[in-house]
Amino acid sequence: MEKRVIVISGPTCSGKTSLSILLAKHFCTEIISADSRQIYKRLSIGTAKPSGKELETVKHHFIDLLEPNEDYNVSRFESEALEVIKVLHRENKIPVVVGGSGLYIKAIVEGLWNDVDTDPELRAILLKEKKEKGSLYIYDKLKKIDPKSAATMLPQNWKRVIRALEVFNSTGKSIIDFHQEYKRKTDIEFFQFGLNWKREELYINIEKRVDKMIATGLVAEVKSILESGYPPELNSLNTVGYKEIIAYLNGQYSLERAIELIKRNTRRFAKRQITWFGKDTKIKWFDVTGKDDLLKIADLIITKFN
């Protein structure tokens, strides 16, 4: 059997989960979640995980694996996801990868270069600076010496920022240059598809999803996580939806303001996703205007594999 993988990507609230389940059911296969937050237990409503029924209908990998305080990284995801793909191929199944975490998708499809040794002394210094002065301080250091890689990161992704500083300090080259030069050898053929909405319609989807999250208990979910002893500064909780509700619970602003900020920050996140995936010329895009289009898109993809 040919070693083929279907990859579904695109911005948040675009229908990726629904499409992936339609495809997985047709091909009698399993789904690999390429989402850097759905991998955590307890973070369900705010990460828009598939419903219990959806998880029962199709087996999903990389959902609810870790506690919120456990460390995980994209390099580990790459090796573990490729192992799942190998197993599914041995079972004559076409894996369906779905997610909006661009780096996780890139790790599966292209691989990530990570060949420069860590520098324990420099890392200790940077971790100390991060603790004392904040993640924005070390992000500004990266912007000064390696603006190319800084432009692809956010200050809160401080582990990636520290790694980029480490690589530049050791080699004098941007980590982005190494990533672009690296080509992983593979006999897997990846078929990449993306879901594209008109911006205003996507924003309506976002508004509705946030309202639904609040209605179905996002505040209670966040309270439960914090009451279980997980500190609010965890990287897993430095996520749109969670950080705003944490701020509300800390009395920084009203619930109404928190909801406004979740909607605004989700729109901004969607814009960054669109920019990231828009640069990938290997993605075949489908225009979507509603749920009915997902059925048509599923049929088009299925036809391609028959």
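The values are calculated or read from the model by the stated rules, or taken from the named source; none is laboratory data. Small disclaimer: the values here were computed from a predicted structure and weren't measured. Every residue, glycine as well, gets a Cβ built from its backbone with ideal geometry; the counts of neighbours run over all protein chains shown.
Within the range 205-262, the set of residues being surrounded by fewer than 18 Cβ atoms within 10 Å (Cβ to Cβ) and of a type in the set (Lys, Arg) comprises Lys208, Arg209, Lys212, Lys223, Arg257.
For the range 2-61, residues that are among the charged types (D, E, K, R), more than 14 Å from the chain's Cα centre (by Cα) and assigned to a loop (DSSP other than H, G, I, E, B) total 6. Among the residues of the range 266-293, those identified as in contact (Cβ under 8 Å) with a residue 60 or more places away in the chain and within 14 Å of Lys106 (Cβ to Cβ) are Gln273, Trp276, Phe277, Asp280, Lys282, Ile283. When the residues of the range 167-183 are filtered to those that are among the hydrophobic types (A, V, I, L, M, F, W, C) and under 22 Å from the mean Cα position of the chain (by Cα), the one that is nearest to Arg123 (Cα to Cα) is Ile175.
When restricted to residues that are over 23 Å from Thr47 (Cβ atoms), of a type in the set (Asp, Glu) and touching a residue at least 24 places away in the same chain (Cβ under 8 Å), the range 74-110 contains 1. Considering the range 197-230, and only residues there that are in contact with a helix residue (DSSP H, G or I) (Cβ under 8 Å, 6 or more places away or on another chain) and outside any helix (DSSP H, G or I), the residue that is nearest to Thr47 (Cα to Cα) turns out to be Tyr230.
Looking across the range 140-175, the residues that are surrounded by fewer than 18 Cβ atoms within 10 Å (Cβ to Cβ) and among the aliphatic types (A, V, I, L, M) come down to Ile145, Ala151, Leu154. Only one of the listed residues (Ser135, Ser149) is of a type in the set (S, T, N, Q), closer than 24 Å to Lys282 by Cβ and at pLDDT 90 or above. That residue is Ser149. Only one of the listed residues (Gln180, Gln192) is of a type in the set (S, T, N, Q), closer than 30 Å to Val84 by Cα and either in contact with a Ser or Thr (Cβ under 7 Å, 6 or more places away or on another chain) or at pLDDT 95 or above (or both). That residue is Gln192. It is to be established whether one or more residues within the range 183-190 are surrounded by fewer than 17 Cβ atoms within 10 Å (Cβ to Cβ) and in contact with a His (Cβ under 9 Å, 6 or more places away or on another chain). Yes, there is a match, as at least one residue in the range 183-190 is surrounded by fewer than 17 Cβ atoms within 10 Å (Cβ to Cβ) and in contact with a His (Cβ under 9 Å, 6 or more places away or on another chain).
Remark: pairs (first residue in the range 181-194, of a type in the set (D, E, K, R); second residue at pLDDT 90 or above and part of a loop (DSSP other than H, G, I, E, B); Cβ separation under 6 Å; 6+ apart in sequence or on different chains) = Asp187/Lys3.
Could you check, for the range 111-124, whether at least one of its residues is of a type in the set (A, V, I, L, M), outside any helix (DSSP H, G or I) and free of Cβ contacts under 8 Å to residues at least 60 places away in the same chain? No: zero hits. Residue count for the range 89-104 under the criterion of being under 23 Å from Gly15 (Cβ atoms), modelled with pLDDT of 95 or more and not in a loop (DSSP other than H, G, I, E, B): the result is 3.
Here Glu260 passes the criteria (1) closer than 30 Å to Leu142 by Cβ; (2) modelled with pLDDT of 95 or more except the one numbered (1).
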